[in-house]
1. Can you name every residue in region 81-107 that is over 18 Å from D11 (Cα atoms) and buried (at least 17 other Cβ atoms within 10 Å of the Cβ)?
2. Which members of region 27-53 meet the condition of being within 15 Å of W7 (Cα to Cα) and aliphatic (A, V, I, L, M)?
3. Would you point out which residue out of R133, R153 is at pLDDT 95 or above and surrounded by fewer than 13 Cβ atoms within 10 Å (Cβ to Cβ)?
4. Applying the selection to region 120-159, what residues are assigned to a helix (DSSP H, G or I) and among the basic types (K, R)?
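The values are calculated or read from the model by the stated rules, or taken from the named source; none is laboratory data. From a predicted model like this one, the values you see are computed outputs, not experimental measurements. Counting neighbours? That spans all protein chains shown, and the Cβs are built from the backbone with ideal geometry, glycine included.
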Amino acid sequence: MTPDQFWAIIDRVHAANPRSMDAKCAGLEKELLKLDAAALKGFLERFDEAEDRAYDWKLWGAAYLINGGCSDDSFSDFRATLISMGRKTFESALADPDGLAGFEFGDDGSTYEGYQYVPHQVAENKLGGIPERHKPHPADPSGEDWDEDDLPRLLPKLAEKYDG
């Protein structure tokens, strides 16, 4: 599955259900059940790649400000929520995490737990198991680590909106 095919599925599901993560999960499951085994494995690989690309300190800082704190598990949920919102939002957030200050998350907020599990549940049912990751999840986020006191300087718009 190409990145364009992956994002076409994500974008289609988001367009049909822009505000409800429960509806997105149901829509994603429906889409993934249509795929053959090779395409489903490719989707899982692309999803892992997107999650890994978003494993970035500055984006974690954005999630921290938006949510008034952000654990490792919550950051995983945040990244999956960003993926669920489609390619344009995802790429924009990666390019400029501070730009999320102008963005409103859906009814379920920015750290919905569950979207990232849908591909695995479909694979478990359809393939009899979850394929191994193509490559391991990064040990550490990319970019430079921060302290909470650094966030207003690193992400001034978000700090103003959520902390100001």
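1. The answer is P97, D98, L100, A101.
2. Answer for region 27-53, where residues must be within 15 Å of W7 (Cα to Cα) and aliphatic (A, V, I, L, M): L28, L32, L35, A39, L40, L44, A50.
3. Details: R133 fails: at pLDDT 95 or above.
The match here is R153.
4. Kept after step one, since they are assigned to a helix (DSSP H, G or I), are these residues of region 120-159: 120-127, 148-154, 156-159.
Once the filter is applied, which keeps residues that are assigned to a helix (DSSP H, G or I) and among the basic types (K, R), region 120-159 yields K126, R153, K157.
Yes or no, residue by residue, for (1) among the small types (G, A, S); (2) in contact (Cβ under 8 Å) with a residue 12 or more places away in the chain:
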| position | (1), (2) |
| --- | --- |
| R19 | no, yes |
| K24 | no, yes |
| E31 | no, yes |
| D36 | no, no |
| K41 | no, yes |
| A50 | yes, yes |
| A80 | yes, yes |
| T89 | no, yes |
